Structures are given as C-alpha cells and as structure tokens.
1. Rounded to the nearest 20 debye, what is the charge dipole size of the chain about its Cα centre when +1 sits on each Lys and Arg Cβ and -1 on each Asp and Glu Cβ?
2. Can you put F44, F33 in order of Cβ neighbours within 10 angstrom, beginning with the fewest?
3. Please determine, in degrees from 0 to 90 and to the nearest 10, the orientation of helix 49-76 with respect to the longest principal axis defined by the Cα atoms of the chain, where the helix direction is its Cα long axis.
4. Of the labelled options (1) 31; (2) 60; (3) 74, which one gives percent of Cα pairs over 18 Å apart as computed for this structure?
5. Each label point is 7 Å from the Cα along the Cα-to-Cβ direction; what then is the distance between the points at T31 and M11, in nm?
6. Enumerate the calculated ³J(HN,Hα) couplings along segment 9-15 in order (Karplus 6.51 cos²θ - 1.76 cosθ + 1.60, θ = phi - 60°), each rounded to whole Hz, writing x wherever the residue is Gly or Pro.
7. Identify the trypsin sites (Lys or Arg not before Pro) of segment 12-58 meeting these criteria: DSSP loop state and at most 14 other C-beta atoms within 10 Å of the C-beta.
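Please treat every number below as a calculation from the coordinates, not as lab data. All values derive from a computational prediction rather than experimental measurement. Neighbour counts run over all protein chains shown; Cβ positions are idealised from the backbone, glycine included.
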Amino acid sequence: MQTQNPFLDEMAKLTAAAMGLAQAAGEEAKTAFRSQADRIAAEFDLIRREDFDALKAEVEALRAEVAALRGAQSASAPSADTP
C-alpha cells in the first residue's frame, strides 16, 4: 500500500525485510537443531520412529506367522491320548 508519507513507506519496507530475516534465521536454527539431534542420535545408536514402527510391524507379522505354523503343527500332530 502506497502512502503519502515516505517515512511510513520506509518503515514498512524495513519491517518486511526484518520479517524475512527472522524467518530465514528460524529455518536456519531448525536445520542446525535437527543436524545436532541427528548427530546425538547416531552417537547413542538410536533409530528413527519410522524405522522403529516398520520393525515393530514386521515383528508382529512374524509372530502371527509363527502362531499360525504352531497351530498347523498341533493340528496335524497325532494326539497323545489316541493309541
């Protein structure tokens, strides 16, 4: 918005530039923090949540498969009660 007062125009430009700098600084800080967190996680031999969830789903599927195989094995095995 163009005003008749050049002082207000200059203040608006400075405010817009300051907001841009603040946003860029925030993004840079977020990137630096994420980098530091990744480094610490690597030092402690931690895994990401996505990897944990994938592994958890795989373990659950394997447990279900083992339970099904045990059920099939017990159904096909002769029982001890019958001669």
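1. Once rounded to the nearest 20, the dipole reads 80 debye.
2. F44, F33
3. With both axes taken from Cα atoms, the answer is about 10 degrees.
4. Only one option fits the structure, namely (3).
5. Going by the 7 Å Cα→Cβ label model, 3.4 nm.
6. 4, 5, 5, 5, 5, 5, 5
7. Of the trypsin sites (Lys or Arg not before Pro), the ones in loops of segment 12-58 whose Cβ has at most 14 other Cβ atoms within 10 Å are R48.
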